[in-house]
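**Q** Dumping the structure here so I can ask a few things about it.
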Amino acid sequence: MRELTAAGRTVLLDNEGFLIDQESWNHDVAREIAKQLNIANLDDGQLTIIEFLREYYQKFNAFPILNYVCKHIEQPRECVNDKFVNPMKAWKIAGLPKLDGIHFVSFDGKNYRLEECC
């Protein structure tokens, strides 16, 4: 476990960088997690994706299909890959928990797809 300070507030991340307490998430926390993931500044498009991921998870307790995200926030088809490269970065920045059996794979380092296992 490690600590992260955002706007004078300390939150806890697990060893893989997932926020321990989802209720402690806010935009300042998102920006600090993004910095840890080598994303210096979150733009409005990225924040829109992150907020959608949070809403979707709260409603369905699952990771959405990536194209579904882009369609519903009216961004280009590959918006998550374009804005974050690896969609798991967006998930972590959104302050959401690690989902068992879910990970992303890429063969070219630019395009990721969801792969479920076990």
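Values in this text are rule-based calculations from the coordinates and carry no lab data. Here the structure is a predicted model, which is why all the values come from computation and not from measurement. Reconstructed Cβ throughout: ideal geometry from the backbone, glycine too, with neighbour counts over all protein chains shown.
**Q** What's the magnitude of the charge dipole for the chain around its Cα centre, counting Lys and Arg as +1 and Asp and Glu as -1 at the beta-carbon? Answer in Debye, nearest 20.
**A** 120 debye
**Q** Could I have the simple spin-label model distance between residue 36 and residue 74, label points 7 Å from Cα toward Cβ, reported in nm to one decimal?
**A** About 3.4 nm, to one decimal.
**Q** Let me ask something else about it. Suppose each label sits 7 Å from its Cα in the direction of the beta carbon; what would the residue 67-residue 110 distance come out to in nanometres?
**A** 1.9 nm
**Q** Exactly which chymotrypsin sites (Phe, Trp or Tyr not before Pro) in the range 41-118 are in a DSSP loop and have at most 16 other Cβ atoms within 10 Å?
**A** 107
**Q** How far apart, in nanometres, would the label points at residue 102 and residue 24 be if each is projected 7 angstrom from Cα along the Cα-to-Cβ direction?
**A** 2.1 nm
**Q** Run the numbers on the chain and let me know its relative contact order in percent, using alpha-carbon pairs under 8 Å that are six or more apart.
**A** Here the relative contact order equals 22 percent.
**Q** Looking at the chain, which longest stretch skips every one of the GluC sites (Glu not before Pro) that is in a DSSP loop with at most 15 other Cβ atoms within 10 Å, leaving the sites themselves out?
**A** Longest gap between qualifying sites, sites excluded: 17-73.
**Q** For residue 59, go through the lysines and keep the ones whose alpha-carbon is under 17 Å away, minus same-chain ones fewer than eight residues off.
**A** Hits, sequence-local ones excluded: 98.
**Q** Let me ask another. Can you pull the three principal axis extents for the Cα set of the range 2-116, in Å, largest first?
**A** 37, 30, 30
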